[in-house]
Amino acid sequence: PSGCGKSTLLNLIGGVIQPQSGTVCVAGTELTGLSASDCDQVRADEMGFIFQQFNLIPYLNALENVLLPCEFSESRKQKILNTGETPGAQAEQILNALFQGQVPDLTRPVYTLSVGQQQRVAAARALLGSPSIIVADEPTSSLDHDNRQLFMDLLFGQCEDFGATLLFVSHDPTLKDRFGSVLDFETINSGEK
């Protein structure tokens, strides 16, 4: 439910905030005690985020939004280059998979795309450069049942292709059967095991 700590958990995992006690380790790096800029770099290199409101940059077109991680992470850019591809080619490959071959004009301003199209652009941005963790914060909340199921199929397929762990936060209990591990915040907050 709202107010149970989902955003706090995601901010801890992303290194945006530090825990009051204990440690946070992500992709083999302990974030606890790192400087803000070091946490930013770990986040840029190791995590792709799909935000509930997508957080696409409105003055960039769709393709520019997808390529943004390579501007902040030399590591993710290098992972692409090591495969013999360019960031643009990998972006097009991911978008083609997520749009099932029906890719819209990517040079259009991103705000002119439909909600479902923007969601796929946000997912492609998160996947670009093969981060080890994809953090998805309520990415299906604005979708109807059929589009939600389609998006989940596409997201799982892409995470599997890139070998990424998917950390998915949702209010929707109908999605939990899709995941191998489910943590309920009410149980976590009550201290039960």
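The values are calculated or read from the model by the stated rules, or taken from the named source; none is laboratory data. Values in this document were obtained by computation on a predicted structure and should not be read as measured data. Cβ coordinates were reconstructed from backbone atoms using ideal geometry, including for glycine residues, and neighbour counts include every protein chain displayed. The area values use the complete protein model at the heavy-atom level, side chains included, leaving out ligands, DNA and RNA. Shrake-Rupley method; radii C 1.70, N 1.55, O 1.52, S 1.80 Å.
Between the DSSP loop rule and a limit of at most 12 other Cβ atoms within 10 Å, which GluC sites (Glu not before Pro) in the stretch 111-193 are left? Before the final figure, lay out the partial values.
Numbers: sites: Glu160, Glu186, Glu192; in loops: Glu192.
The qualifying sites are Glu192.
For the stretch 116-189, the per residue solvent-accessible surface stands at 46 Å², with DNA, RNA and ligands left out and a 1.4 Å probe. The share of accessible area on the chain that comes from carbon and sulfur is 50 percent, using a 1.4 angstrom probe. Sparse packing (at most 14 other Cβ atoms within 10 Å of the Cβ) combined with a DSSP loop state is found for the following GluC sites (Glu not before Pro) in the stretch 74-118: Glu85. At the residue level, Ser132 shows approximately 40 square angstrom of accessible surface with a 1.4 angstrom probe and all protein chains present. Using equal-weight Cα scatterers in the Debye expression, the normalised intensity of the chain in log10 at q = 0.08 Å⁻¹ is -0.26.
Taking all protein chains as shown and a probe of 1.4 angstrom, Leu10 keeps an accessible surface of around 10 Å². Solvent-accessible area of Leu9, all protein chains in place: 60 Å² (probe radius 1.4 Å, heavy atoms, ligands and nucleic acids excluded). Its relative contact order, with pairs defined as Cα atoms under 8 Å and 6+ residues apart, puts the chain at 24 percent.
Of the chymotrypsin sites (Phe, Trp or Tyr not before Pro) found in the stretch 21-101, those in coil by DSSP whose Cβ has at most 13 other Cβ atoms within 10 Å are Tyr59.
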